[in-house]
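Below: one structure, written as structure tokens.
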Ligand code: ADP
């Protein structure tokens, strides 16, 4: 091999080497570029994922927060409710209970952690029993239960899954206290029966005497006169009863009687009452006295109610008094209140009757006052009128010695009323 061949071989080798290097560079560059592109893509994906994750994170926080809020709202709704709410799961175990429910059923907070139900009180046990029945039948149940003198109404309704509507997940027992409603219903029934009773007696008498009068020619003038007197007396009784019932109904009406607020001259009111009752007082020679030590006119809500209240008390002082007795009204005031005393030296009221005399239609032994024809409404009007004036009444009384009613009414602030 000569020198020229050697050079050619070296040149070829160098060329191959150069080509290999160039090829390698091209391949490496290619790999590099592809890897870089992949890396860029991955980076982009990573950024996208990060963004997605942040969005998911925010969304989850929002959901948790809104769930928390919803739970708080629901909790406040349930705790503000007047009804007791208990949610039972399919095994009759309580999973939710509001404050009222716990109070009604007398359950401790630890109820959620107790496994057995051995020492349950009968009311709670009955609610569980009905709830399980409702769960099994899927039919709502309603029942009443009397516990410690209170009447409760319990409604058990099945609770279904929010998403799978056919899946029953438990029962909600809704417990309401019907005691007040029952009392009102009883009072209404008693009122209707009392009113009917009070109407029946005078109406029967009137009907009987009218019938007697229809035989006019057979009656002597004395009997005719007697019939007419009874009819007239009983008609006045009926008229009075209707008037008292109307006053009661007006007092019963809720709402502010602001339009009737007036400055009252108490001295004038008492004079008017004394003058209206002077005939009744004269019949028994009863003296009507007053001792009024108040400065100027007094602002009281509703003069009409004030008049009626005082009228009834003075009239009672006369009605339930003996010959030559007295009824005395004294009035004082300070900057905040007015104090009125109505004192008589009449029949007196037994201590055990003190509370009951303010009830509607309540009369102490009917024959004692039957001659005066009272309906037992007078003092209930006094009581209701005073409630409308934010006032209070108390009494001291001794049988055969007399009675003293004391009334305290807060004075209304004239500037505030303006
Ligand atoms: P009535 O309209 O029948 O008088 P009230 O409601 O005014 O009914 O009074 C209820 C009962 O209280 C009366 O039946 C009466 O026996 C008794 N009573 C009220 N005021 C007096 C009083 N000043 N002295 C004695 N008994 C009274």
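Any chance region 169-181 includes a residue that's under 41 Å from the mean Cα position of the chain (by Cα), exposed (fewer than 14 other Cβ atoms within 10 Å of the Cβ) and without any contact (Cβ under 8 Å) to a residue 12 or more places away in the chain?
yes
For every residue, the table says whether it meets (1) under 27 Å from residue 130 (Cα atoms); (2) assigned to a helix (DSSP H, G or I); (3) at pLDDT 90 or above.
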{"position": "166", "(1), (2), (3)": "yes, no, no"}
{"position": "171", "(1), (2), (3)": "yes, no, yes"}
{"position": "176", "(1), (2), (3)": "yes, no, yes"}
{"position": "182", "(1), (2), (3)": "yes, yes, yes"}
{"position": "189", "(1), (2), (3)": "no, yes, yes"}
{"position": "199", "(1), (2), (3)": "no, yes, yes"}
{"position": "207", "(1), (2), (3)": "no, yes, yes"}
{"position": "210", "(1), (2), (3)": "no, yes, yes"}
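If you take the residues of region 116-140 that are in contact with a helix residue (DSSP H, G or I) (Cβ under 9 Å, 6 or more places away or on another chain) and under 19 Å from residue 96 (Cα atoms), which of them is surrounded by the fewest Cβ atoms within 10 Å (Cβ to Cβ)?
Per the stated criteria, the residue is 121.
Any idea which residue in region 354-371 is surrounded by the fewest Cβ atoms within 10 Å (Cβ to Cβ), counting only those that are more than 12 Å from residue 320 (Cβ to Cβ) and modelled with pLDDT of 85 or more?
355
The values are calculated or read from the model by the stated rules, or taken from the named source; none is laboratory data. Note that the coordinates shown come from a computational prediction; the quantities given were computed from them, not determined experimentally. Quick reminder, even Gly has a Cβ in these numbers, built from the backbone with ideal geometry, and neighbours come from all protein chains shown.
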